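Trainee: Structure in structure tokens, see below.
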2 protein chains.
Amino acid sequence: MSETSREKPRASGGDMRRGLELLWGGHSPGGRGSGRRGPKQRHSTEEVVLTAIAFADAEGVAALSMRRVADALGVSPMSLYTYVPSRDELIGLMLDRVLGETAAPPPETIGWREALIFIARERWRLAERHPWILDLMGRRPPLGPNLVGNHEVAMRALDGTPLDDLTKDYALDAMHNYLIGAMKEARDAREAERESGLTDEQWFKLAEPALMDLLDPARFPRVLRLGEAFRAAGWGAADPEYKFEFGLSLVLDGIESLIRRAGTTAG
Amino acid sequence: MSETSREKPRASGGDMRRGLELLWGGHSPGGRGSGRRGPKQRHSTEEVVLTAIAFADAEGVAALSMRRVADALGVSPMSLYTYVPSRDELIGLMLDRVLGETAAPPPETIGWREALIFIARERWRLAERHPWILDLMGRRPPLGPNLVGNHEVAMRALDGTPLDDLTKDYALDAMHNYLIGAMKEARDAREAERESGLTDEQWFKLAEPALMDLLDPARFPRVLRLGEAFRAAGWGAADPEYKFEFGLSLVLDGIESLIRRAGTTAG
DNA sequence: CCGAAACTCCGTACCTTGTAAAGTGTTTTG
DNA sequence: CAAAACACTTTACAAGGTACGGAGTTTCGG
């Protein structure tokens, strides 16, 4: 519960160039500060972004406020606005920055399936390192070099297949959407565990007695059977990483049948 | 950007029963107010929840504050706390309430695939009516009657298949995770459009010239080709509902191959 | 070489949020 | 009829993003 989203009009033309500049050229050395008047900035936009990322890793985007980032840098809250036009833009920069941490499949990878598995696991690990990115995907993402680069890499994974470009994009989008959901599921389990001090197992056992009074076996026979199956299988059966791999194969099987169909119709 | 999540310790035993009571029995007539002292409540918990839902439909969960709900009901902010223990709990009630709006596949539905398609489309339409639910799934959801009921219905859709209960759950989970991602994608497109007054197409056309200067054809050949493919296909190719259906078939194909394998090994 | 422009940084201020605390008035119980 | 339990209100706090205006610093145009 209590996930919440705030909205901003979001760049409608004028600021768009500014935002893109920050994303694409912003951190290059000498790009800024060459012929500016006034005092030199005591920090750099990159430093601000890195500080904010470290903070978000430790406490989540929710807890990330301009004041806290400013504190961590030893400046006043308002001076951050000389580095970054708004909190939203800062978050965009943070997102594109960490997207640069994923590796492309190594050259010896053979076949699209192996390549996509590699990519999916990279994203999984990325979300483990920076769980907050899951709150930020979607919603007109920052078109930075790393977001674009990641899509390039993903498209390349499908290079040998008979799919046309549009279909490749759709398939990758479907996989990505699944990944988002699965990574969120795993993160939420981790967070709930940390916050409440209870593992899913402990929590469920706590809720169970109260729940058993409420669950009418005539109305919910399958759910009750499922509960028994989980008890019988031991709680390892609910391990998010296992479920992630399971769902990933399932989605890849879907892509496989897509490829097979395209192969038979096209030749 | 700017999606944000706040956290609460979340019921750890003592309040758990209270929360479940509200979810399962709360709205039944006469259940409350029978032998209580003090003045009668001017409204009901259900009224509060419905008001909050109407508000969230119109403005999103982000804009949903206790003060605004109280205003809409004509009471002071703090009196809401006599109906509902906290904002989080209120949101839990809202979520389970709207989950009750989805229909089960009609009896004449034949086969698991048709049934799952029906369920998926119901969820899609639900998210169109109440887009804010997408911010709330995951994260230890409220174990209300409708959440449980929906899972029962989904499990029933796989009744004729050779999958065991655990595998059914995994498959449904994978489908659900995909659905979440796809519905979020669609909602974000709609919201961004409303907020900025630009369709994705217009927005992209606006960003394009600036982007073209930045996209090195040697580094991003596939992404550039994809851009051309989209231009050639017309922008209907990016229609979220089309992509939703595409991904759904893909996931269902994955389930199909799962079922085929289970069928051959088990019998 | 100097004034003015451009810049950084800071303090203050406004508004919004969830909800704790304490007070007021009302209904039911004993 | 007194007291307990409740509904409801007012007030207050801390935290948030950022607009505004001021103070000090560096560079540019002449």
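Trainee: Any residue in the stretch A:71-85 that's assigned to a helix (DSSP H, G or I): show its pairings with residues that are loosely packed, with under 15 Cβ neighbours inside 10 Å at Cβ separation under 8 Å, as long as the two are six or more apart or on different chains.
Mentor: Listed pairs, sorted by first residue: A:ALA72/A:ALA54; A:LEU73/A:GLU47; A:PRO77/A:ARG67.
Trainee: Which condition breaks for B:VAL148 when tested against (1) in a helix (DSSP H, G or I); (2) more than 20 Å from the chain's Cα centre (by Cα)?
Mentor: Of (1) in a helix (DSSP H, G or I); (2) more than 20 Å from the chain's Cα centre (by Cα), only one is false for B:VAL148: (2).
Trainee: Consider B:GLU191 carefully, then state whether it is closer than 30 Å to B:ALA58 by Cβ and in contact (Cβ under 8 Å) with a residue 60 or more places away in the chain.
Mentor: So B:GLU191 passes the test.
Trainee: Within the group A:GLY247, A:GLY227, A:GLY254, which residue is more than 9 Å from chain B (Cβ to nearest Cβ) and either more than 29 Å from A:PHE118 (Cα to Cα) or not aliphatic (A, V, I, L, M) (or both)?
Mentor: A:GLY227
Trainee: On to the next question. Working only within the stretch A:169-200, note down all residues that are more than 7 Å from every other protein chain (Cβ to nearest Cβ), at pLDDT 75 or above and over 19 Å from A:TRP132 (Cβ atoms).
Mentor: A:LEU172, A:MET175
Trainee: Out of the residues in the stretch B:42-77 that are within 12 Å of DNA strand C (Cβ to nearest atom) and of a type in the set (Asp, Glu), state the one that is modelled with the lowest pLDDT.
Mentor: Applying the filter and picking the extreme gives B:GLU59.
Trainee: What's the total number of residues in the stretch A:132-160 that are buried (at least 19 other Cβ atoms within 10 Å of the Cβ), farther than 29 Å from B:TRP132 by Cβ and polar (S, T, N, Q)?
Mentor: The qualifying residues number 0.
Trainee: How many residues does the stretch B:36-76 contain that are closer than 26 Å to B:ARG125 by Cβ and among the small types (Gly, Ala, Ser)?
Mentor: Looking only at that region, the number is 8.
Trainee: Looking at (1) away from DNA strand D (no atom under 16 Å from the Cβ); (2) without any contact (Cβ under 8 Å) to a residue 40 or more places away in the chain; (3) more than 9 Å from chain B (Cβ to nearest Cβ), which is the one condition that is false for A:LEU166?
Mentor: (3)
Trainee: Check the stretch B:39-51 and report whether any residue there is among the aliphatic types (A, V, I, L, M), within 16 Å of DNA strand D (Cβ to nearest atom), farther than 25 Å from B:PRO145 by Cα and more than 11 Å from every other protein chain (Cβ to nearest Cβ). Break it down into steps so the answer makes sense when it comes.
Mentor: Step one: of the stretch B:39-51, the residues among the aliphatic types (A, V, I, L, M) are B:48-50.
The next check asks that each one be within 16 Å of DNA strand D (Cβ to nearest atom); those that pass are B:48-50.
Subset that is farther than 25 Å from B:PRO145 by Cα: none.
Scanning the stretch B:39-51 turns up no residue that is among the aliphatic types (A, V, I, L, M), within 16 Å of DNA strand D (Cβ to nearest atom), farther than 25 Å from B:PRO145 by Cα and more than 11 Å from every other protein chain (Cβ to nearest Cβ).
Trainee: Shifting gears a bit: In contact with a Gly (Cβ under 9 Å, 6 or more places away or on another chain) and either within 29 Å of A:ASN146 (Cβ to Cβ) or part of a helix (DSSP H, G or I) (or both): does that describe B:GLU241? Before you say what the answer is, go through the steps one by one.
Mentor: Numbers: in contact with a Gly (Cβ under 9 Å, 6 or more places away or on another chain): no; either within 29 Å of A:ASN146 (Cβ to Cβ) or part of a helix (DSSP H, G or I) (or both): yes.
So B:GLU241 fails the test.
Trainee: Additional query: Could you tell me which of the residues A:GLY149, A:GLY144 is closer than 15 Å to A:LEU93 by Cβ and either of a type outside the set (Val, Ile, Thr) or out of contact with any Ser or Thr (no Cβ under 7 Å at 6 or more places or on another chain) (or both)?
Mentor: A:GLY144 is the lone residue from the list that is closer than 15 Å to A:LEU93 by Cβ and either of a type outside the set (Val, Ile, Thr) or out of contact with any Ser or Thr (no Cβ under 7 Å at 6 or more places or on another chain) (or both).
Trainee: From the list B:ILE117, B:ILE180, pick out the single residue that is surrounded by 18 or more Cβ atoms within 10 Å (Cβ to Cβ) and over 24 Å from A:ASP239 (Cα atoms). Full working, then the answer.
Mentor: Numbers: B:ILE180 fails: over 24 Å from A:ASP239 (Cα atoms).
Answer to the selection: B:ILE117.
Trainee: Right, another one. Out of all the residues in the stretch A:78-130, which are more than 13 Å from chain B (Cβ to nearest Cβ) and under 15 Å from A:GLU47 (Cα atoms)?
Mentor: Selection gives A:SER79, A:LEU80, A:TYR81, A:THR82, A:TYR83, A:ARG97, A:VAL98.
Trainee: Consider A:TRP203 against the criteria (1) more than 30 Å from A:THR51 (Cβ to Cβ); (2) part of a helix (DSSP H, G or I); (3) more than 8 Å from chain B (Cβ to nearest Cβ): it satisfies all of them except one. Which criterion is unmet?
Mentor: All conditions are met except number (3).
Trainee: For A:MET137, which of the numbered conditions (1) away from DNA strand D (no atom under 16 Å from the Cβ); (2) within 14 Å of chain B (Cβ to nearest Cβ); (3) in a helix (DSSP H, G or I) fails to hold?
Mentor: Status for A:MET137: all satisfied but (3).
Trainee: In this structure, does A:ARG68 turn out to be among the charged types (D, E, K, R) and either within 14 Å of another protein chain (Cβ to nearest Cβ) or within 12 Å of DNA strand D (Cβ to nearest atom) (or both)?
Mentor: Here the answer is yes, as A:ARG68 does meet what is asked.
The values are calculated or read from the model by the stated rules, or taken from the named source; none is laboratory data. On a predicted model such as this, the values are computed, not experimentally measured, just so you know. FYI the Cβ positions are ideal-geometry reconstructions off the backbone, even for glycines, and counts take in every protein chain you see.
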